[in-house]
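Written out below as structure tokens is the structure these notes cover.
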Amino acid sequence: DAGVIQSPRHEVTEMGQEVTLRCKPISGHNSLFWYRQTMMRGLELLIYFNNNVPIDDSGMPEDRFSAKMPNASFSTLKIQPSEPRDSAVYFCASSFGTGDGYTFGSGTRLTVV
Amino acid sequence: GQQLNQSPQSMFIQEGEDVSMNCTSSSIFNTWLWYKQEPGEGPVLLIALYKAGELTSNGRLTAQFGITRKDSFLNISASIPSDVGIYFCAGRRGNEKLTFGTGTRLTIIP
């Protein structure tokens, strides 16, 4: 089991550019979660999917953020246009249902300059 | 969104000392989980608790599900340098998604 795989591990981009973060959940898991972590705000849930369908996107900060899950083995989080305040570590996690523990990926550290 | 309150926010502990931290909520949860996040990595599940009053150990770690179901506790005995990290509690009601705590940052002084 390779765990939850996120790419890239690090991303540095200029303000205004589009950023796409990628996640491959654990095979067999049917729930996928996107989190953002900053020193100031801790772990924030952005959006989660169940069976590839977005269930709760109330944590998505604004329209610049969008997430998709085209199939059970892949999800993307896109920021367009990116701003310096988007700099954070973005985590993807998956689970079987919303129950039990979530398995987190290693995260993508995003820096917008 | 809602977050659980963890205390302390940070701890500086001498190697070999025991560590205690807790997590409180204004709401009742029926599952409590404890995670550890090491630098540069995502949180990893340490212990899961499913019943009020339950006490569960994982090596030197012991966690308890508070009797009121509004709190949980994590103890680490005889701390070692690799215990460094951020410890998160998480709670769940029914089949809802997890609610995470604000984290306790543990630093071990050699």
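Key figures
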| read-out | value |
| --- | --- |
| Count of the range B:93-110 residues which are within 13 Å of another protein chain (Cβ to nearest Cβ), surrounded by fewer than 20 Cβ atoms within 10 Å (Cβ to Cβ) and either at pLDDT 95 or above or in a strand (DSSP E or B) (or both) | 2 |
| Residue within the range A:49-56 that is surrounded by 15 or more Cβ atoms within 10 Å (Cβ to Cβ), more than 29 Å from residue B:5 (Cα to Cα) and out of contact with any Gly (no Cβ under 9 Å at 6 or more places or on another chain) present | yes |
| Condition check for residue B:46: among the hydrophobic types (A, V, I, L, M, F, W, C) and at pLDDT 95 or above | yes |
| Enumeration of residues in the range B:5-22 that are in a strand (DSSP E or B) and more than 10 Å from chain A (Cβ to nearest Cβ) | B:5, B:7, B:10, B:11, B:12, B:13, B:14, B:19, B:20, B:21, B:22 |
| Counted residues, the range A:1-25 - those being open to solvent by less than 20 Å² (accessible area, probe 1.4 Å), hydroxyl-bearing (Ser, Thr, Tyr) and within 21 Å of residue A:49 (Cα to Cα) | 0 |
| Condition broken by residue B:90, with the remaining ones in (1) within 14 Å of chain A (Cβ to nearest Cβ); (2) more than 20 Å from residue B:51 (Cβ to Cβ) satisfied | (2) |
| Subset of the range B:23-82 [in contact with a Lys or Arg (Cβ under 8 Å, 6 or more places away or on another chain), of a type outside the set (Phe, Trp, Tyr), part of a strand (DSSP E or B) and without any contact (Cβ under 8 Å) to a residue 60 or more places away in the chain] | B:24, B:44, B:46, B:76 |
| The range B:46-87, subset within 14 Å of chain A (Cβ to nearest Cβ) and open to solvent by 70 Å² or more (accessible area, probe 1.4 Å), residue nearest to residue A:54 (Cα to Cα) | B:50 |
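The values are calculated or read from the model by the stated rules, or taken from the named source; none is laboratory data. Since the model is a prediction, treat every value here as computed from it, not as a measurement. A quick note on method: Cβ atoms are made from the backbone with ideal geometry, for glycine too, and the neighbour counts reach across all protein chains shown. The protein model used for the area step is the full one, side chains on, heavy atoms only, and it has no ligands, DNA or RNA in it. Shrake-Rupley method; radii C 1.70, N 1.55, O 1.52, S 1.80 Å.
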